[in-house]
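The structure appears below as structure tokens.
Read-outs throughout are calculated quantities, based only on the coordinates presented, and are distinct from any laboratory measurement. This one's a predicted model, so the numbers in the text were calculated from it and none came from an experiment. Neighbour counts run over all protein chains shown; Cβ positions are idealised from the backbone, glycine included.
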Amino acid sequence: MKILVINAGSSSLKYQLIDMDGEKVLAKGNCERIGIDGKFTHKTFDGRVITKIIEMPNHTAAFDQVKNALISGEGKVIDSLSEVSAIGHRVVQGGSKYDRSVLITDEVIKDIDELSALAPLHNKAHVQGINAATAAFGKDVPQVAVFDTAFHQTMPPKAYMFGISYEYYEKYNVRRYGFHGTSHRYVSARCLELLGKPDGKGTRVITCHFGNGSSIAALKDGKVIDTTMGLTPLDGFMMGTRSGAVDPSVVLFLMEKEGLTTKEMDDVLNKKSGMYGISGVSSDDRDIVDAINAGNERAKLAWDMRAYQIIKYVGGYISALGGVDAIVFTAGIGENQPELRQEILESLSYLGAKVDYEKNQVHGQEAEITTPDSKIRAFVIPTNEELVIARDTMELISK
Ligand code: ADP
């Protein structure tokens, strides 16, 4: 069975065609700058790469590129579109209603659209992606929505409520939802296997997804009890360009002083802050490390601030969990940044965590990075959100 996994953004459409027989990626690619000028990249399992500068006025035009690349020309991997059994979509905001993946119906599309109020950039794009997929593949190919928020729905109210007037929760569903749920779910499940407790009973795990966007989740008995991202993916600690948590009055103060509109303030918090905003160098960790090595003090400050914020969250979650059995690092930075992992684990030496400095040098591969006598185990586990989406899709259409 072959499943097409779609991640539709406002101006991009990423895809992977996965053969579930062996869970092999046959092709993957990205339609970038949809509605602007357009760039299409398609890569096959055997190393063929196609890149085209081509105008894609909307998501339907982007889907045409994907379709054609899959079945014809140099990047062909299947003979006909009928080989695609189903389509799985990443959906950022599933609200309180969706605590698991679902088959997409008209009602689900309506819900995703209505939830745009909570994730304007993402959910609107997902609806466009779903409609474009229907136009390209027809109504008979089932589609599934996999929500970034779903895995965090096990949080108790004391963790997901904000300390503002209850009426805003009632009126607008303002609360913590959490994101990257598909990734936290994948790596925590793998961690529980490595701990020899696949059902999760009695376990306390902290999963750290460190990428351009970053979040941490605390899991008790395999279920999320708290996570750093909030109503939107802005909360938590400093990320590539996002601020993470700041004193809320900073926002009001700056809007007033600088005369910023809501949209401008949103840009400041989401695009001009974090590692980029503090260092003034880049949002990319590799550039930050280069700058630190070249003696850039603000890059070092950005690094230290982020590490300190993470250490505080991890420490807080250990208290919330009443201890911790394992910590997992994943995503671009989590999988590739030994120094950050070391700093976090060394902060837990008072609890008996012991880094295995040699094993911690690992990049992008699964490894246990603490010593056998460490009181806390730590793992690097490469994430695979697309595979989770494909597995959920297969499971739902097989029912
Ligand atoms: P996204 O949230 O966009 O999916 P990723 O998970 O790909 O982000 O993470 C991007 C971050 O990971 C960037 O800051 C990048 O510098 C860092 N990163 C990726 N690969 C490496 C590497 N080999 N070494 C160090 N950092 C890396």
_Cα gyration tensor category, rounded, prolate or oblate, for the chain with a/c compared to 1.5_ = rounded
*For helix 297-321, what angle does its Cα long axis make with the longest principal axis of the chain, in degrees from 0 to 90 and rounded to 10?*
90
*At a Cα cut-off below 16 Å, give the lysines reachable from K110, other chains included and same-chain residues fewer than 8 away excluded.*
K97, K124
*May I ask which of K2/K139; K171/K201; K220/K375; K139/K171 have a Cα-Cα span longer than 29 Å here?*
K171/K201; K139/K171
*Tell me what the chain gives for mean residue ellipticity at 222 nm when only DSSP H runs of n ≥ 4 count, each as -39,500 (n - 2.57), the sum divided by the residue total, rounded to 500 deg cm²/dmol.*
-12000 deg cm²/dmol
*Work from the charge dipole of the chain (Cβ charges, +1 for Lys and Arg, -1 for Asp and Glu, about the Cα centre) and give the residue of V324, T232, A62 farthest towards its positive end.*
V324
_Gaussian network model of the chain, springs between alpha carbon atoms under 10 Å - residue of T227, T241, T51 with greatest fluctuation_ = T51
*Check V144: other-chain or 5+ apart residues with amide H under 5 Å from its amide H, H built from backbone geometry?*
I87, G88, H89, I104
*asked:* With both bridge residues required to lie in the stretch 1-145, what share of the DSSP beta bridges run antiparallel, to the nearest 5%?
replied: 75
*Neighbouring Cβ atoms within 10 Å as the yardstick, rank V84, V49 fewest first.*
V49, V84
*Once you sort the root eigenvalues of the Cα gyration tensor of the stretch 332-399 as a ≥ b ≥ c, which label holds: rounded (a/c under 1.5), prolate (a/b larger than b/c) or oblate (the other case)?*
prolate
*Helix 120-137 sits at what angle to the longest principal axis of the chain, using alpha carbons and giving 0 to 90 degrees rounded to 10?*
30
*Between the helical axis of 181-194 and the dominant principal axis of the chain, each derived from Cα atoms, what acute angle in degrees is found, rounded to the nearest 10?*
70
